[in-house]
Amino acid sequence: MAITKMLHVNSAEGRHPAAHLSNLIQYILNPEKTKDGFLTGALNCDKDHALEDMLATKEFYQKTDLRQGYHFIISFAPGEVDEETALEITARFCEMYLGEQYECVYAVHNDQEHMHGHIVFNSVNCLTGKKYHYVNGDWAKDIQPITNELCAEFGLE
């Protein structure tokens with residue numbers, strides 16, 4: 001069964017506030033790790049202009065400082081899943097958890113022994129302008145159960 005890990009992307013001190021967000025988006029979309037971009041996608045934004053779309057949302061709602069985004073990693077056991085299934089699970093996770101509320105880019109990296117999906121999403125809700133708020137216990141209550149449900153649907157242990 002896949003494990004989902006969550007990290008946050010803080011504002012970059014002394015540089016453009018979204019510098020860390022920019023670097024992370026570039027990292028997850030790296031063609032060398034994603035079959036020349038084949039194992040990538042986006043939700044509620046244009047994949048090739050995701051950073052610009054996220055920054056436009058932040059500016060529109062005047063929330064350009066502090067936390068810039070979030071990074072989820074869905075890790076599969078070695079040999080548990082092929083690239084296409086990992087991508088489908090990652091994309092479906094985005095649809096189920098983020099819905100129409102957050103702009104995100106996602107990718108599956110195939111450069112390790114284990115397949116893993118990356119999701120980077122904006123800290124600002126593109127519909128309401130409210131910042132994403134993680135509450136202690138959300139991982140066990142909301143986040144990991146979606147991964148479990150999707151893995152079960154695809155017949156993974």
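The values are calculated or read from the model by the stated rules, or taken from the named source; none is laboratory data. Given the structure is predicted, the values throughout are model-derived calculations rather than measurements. FYI the Cβ positions are ideal-geometry reconstructions off the backbone, even for glycines, and counts take in every protein chain you see. These area figures cover heavy atoms from the full protein model, side chains too; ligands, DNA and RNA do not enter into them. Shrake-Rupley method; radii C 1.70, N 1.55, O 1.52, S 1.80 Å.
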Given a 1.4 Å probe, the accessible area of the chain per residue, as a whole number of Å², is 51
If you take the beta carbon distance between LYS131 and SER75 as r and set R0 to 25 Å, what does 1/(1 + (r/R0)^6) give as a FRET efficiency, to the nearest 0.05? 0.40
What's the ranking of 56-65, 79-88, 137-146 by average number of surrounding C-beta atoms within 10 Å, highest first? 79-88, 56-65, 137-146
Given a Förster radius of 25 Å and the C-beta distance between GLN26 and GLU157 as r, what FRET efficiency does 1/(1 + (r/R0)^6) yield to the nearest 0.05? 0.15
Can you give me the Cα centroid spacing of region 78-105 and region 122-156 in angstrom? 11
Carbon and sulfur together cover what percent of the accessible area of region 22-144 at a 1.4 Å probe radius? 49
Taking a ≥ b ≥ c as the square roots of the eigenvalues of the Cα gyration tensor of region 80-136, is the shape rounded (a/c under 1.5), prolate (a/b larger than b/c) or oblate? prolate
Efficiency of FRET between TRP139 and ASP36 - r from beta-carbon atoms, R0 35 angstrom, step 0.05: 0.60
With the charge dipole of the chain built from beta-carbon charges (+1 for Lys and Arg, -1 for Asp and Glu) about the Cα centre, the Cα from HIS118, ALA152, THR128 projecting farthest to the positive end belongs to THR128
